[in-house]
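Presented below is the structure to which this report refers.
What follows is calculated from the coordinates using simple rules that are stated; it is not laboratory data. These figures come from a predicted structure and were not determined experimentally. As a convention, Cβ positions derive from the backbone with ideal geometry for all residues, glycine included, and neighbour counts pool all protein chains shown.
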Amino acid sequence: MSQVLQRYMDLPKFISLLQTKKLYLAKMSSFEDALEGGLTVSNFFGISNEHKWLDMLVNYSWPSSNESEEERKHSKENIKNRTEEINNRMFSTPFGSYPCCEGEQVFPRCREWIYVSCWHASDHECSAMWRLYGGDKNAVCIFSSEEKLLSAVKASSLCDNLELNTVNYICHAHDEFEGEPLDPFISKSKPYSFEKEVRLMSWNSKIDLLEKEQTNPDSGLMLDIDLGKAIEHIVISPYADLWFKAIIQKVCSDAQLDVAIEESSIQMNPIRSLEEVMSYGEKHGLR
């Protein structure tokens with residue numbers, strides 16, 4: 001069964017989505033969390049040669065006091081081979097492989113050219129998500145699913161990859177990526193695990209990071225989306241003003257978006273009488 005996905009947004013973002021019929025994917029470098037798309041302590045050694053050169057300097061560069069000419073010749077040959085080995089080291093990214101000698105400069109550029117739309121994976125609303133991502137109290141939550149979202153979004157001609165990935169929550173100090181090039185970009189610090197994030201991601205794997213600017217001049221990517229296909233139903237924020245639902249109904253009608261618009265389950269009052277039970281059952285089609 002396809003995972004239920006949610007997207008919490010304030011009114012301006014929702015209206016923009018309806019009017020443009022485009023889903024905005026932000027470049028990863030714009031995220032507040034500095035660890036987004038970053039390396040773990042262990043994985044740093046996979047993209048850098050610094051530790052290799054330090055080892056070479058300390059253990060191989062200095063001749064011993066009683067070293068013979070033959071031993072010194074062998075040592076020089078060993079240094080030559082190790083130097084060649086270090087210079088030939090490569091690391092993998094979603095944009096191909098690059099030499100480790102460029103790793104510390106090149107790897108951070110990946111965050112500039114990967115575009116992401118963040119969704120919350122859950123069958124039910126999340127109070128914390130309303131508070132954090134609903135913005136103003138007048139906000140909505142779009143309900144979709146992995147299957148619906150992927151089928152509704154059209155890939156851009158600028159990018160040759162479009163996929164959904166579930167975020168892994170890790171400790172960047174102690175954990176280690178499994179080895180897939182995309183791992184650093186679908187991982188997030190454990191304190192954010194309540195977000196249960198699924199990422200719609202797009203990027204152009206043919207980009208040469210060595211030729212790209214250090215900073216992407218664009219803030220993100222706009223993708224065409226079939227809203228009728230993507231949106232299952234809409235939920236109104238439990239903190240919204242009384243008039244807000246009517247506004248959402250109107251803007252959806254104007255955009256010819258025919259989906260159910262529901263009140264938040266957080267607004268449900270406690271049941272104290274049989275009359276309230278019957279009223280609630282009738283309202284929600286229960287028996």
Straight-distance crosslink candidates among lysines, where the alpha carbon sits under 17 Å from residue 76 and sequence neighbours closer than 8 are dropped
52
Distance from the Cα centre of the range 72-105 to that of the range 17-49, in angstrom?
27 Å
Estimated [θ] at 222 nm from DSSP helical runs (n ≥ 4, -39500 (n - 2.57)) normalised by residues in the chain, nearest 500
-8500 deg cm²/dmol
Would you tally the net charge around residue 261, using a Cβ to Cβ cut-off of less than 11 Å, leaving residue 261 out, and scoring K and R as +1, D and E as -1?
-1
If N is the residue count of the chain, its Cα Rg over 2.2 N^0.38 Å rounds to 1.38
All-pairs Cα distance distribution in the range 1-143, expressed in whole percent, bin size 10 Å
9, 24, 21, 16, 12, 8, 6, 3, 0
Local electrostatic count at residue 21 - Lys and Arg +1, Asp and Glu -1, tallied over other residues with Cβ under 9 Å
-1
With the crude spin-label approximation of a point 7 Å out along Cα→Cβ, what separation in nm comes out for residue 190 versus residue 32?
2.2 nm
Could you check the spin-label model distance between residue 178 and residue 76? Points 7 Å from the Cα along Cα→Cβ, value in nm.
4.9 nm
Neighbour net charge for residue 138 - beta-carbon separation under 14 angstrom, K R +1, D E -1:
+1
Taking the alpha-carbon distance from residue 13 and a cut-off under 17 Å, which aspartates and glutamates remain once sequence neighbours fewer than 8 residues away in the same chain are dropped?
136, 224, 226, 254
Between residue 229 and residue 205, what length comes free when the chain is fully extended (0.36 nm per residue of separation minus the Cα-Cα distance, one decimal in nm)?
5.9 nm
Which aspartates and glutamates have a Cα lying under 16 Å from the Cα of residue 188, excluding residues fewer than 8 positions away in the same chain?
32, 33, 36, 175, 176, 178, 180, 197
DSSP bridge pairs, the chain: antiparallel proportion in percent, nearest 5
85 percent
Starting from 0.36 nm per residue, how many nanometres of slack lie between residue 1 and residue 68 once their C-alpha separation is accounted for?
17.0 nm
Neighbour counts of other C-beta atoms within 10 Å: give me 133, 8, 24, 115 arranged from fewest to most.
24, 133, 8, 115
What size of dipole, in debye to the nearest 20, comes out for the chain about its Cα centre when the only charges are +1 on Lys and Arg C-beta atoms and -1 on Asp and Glu C-beta atoms?
640 debye
Simple spin-label estimate for residue 132/residue 257, 7 Å along Cα→Cβ, in nm, reads 2.3 nm
Would you mind checking the pairs 22/196; 137/229; 22/229; 148/190; 21/154; 148/196 and listing those with alpha carbons more than 21 angstrom apart?
22/196; 137/229; 148/190
Phi angles of the range 213-222, converted by Karplus (6.51 cos²θ - 1.76 cosθ + 1.60, θ = phi - 60°) into ³J(HN,Hα) in whole Hz with x for Gly and Pro, give 5, 4, 10, 6, x, 8, 7, x, 9, 9
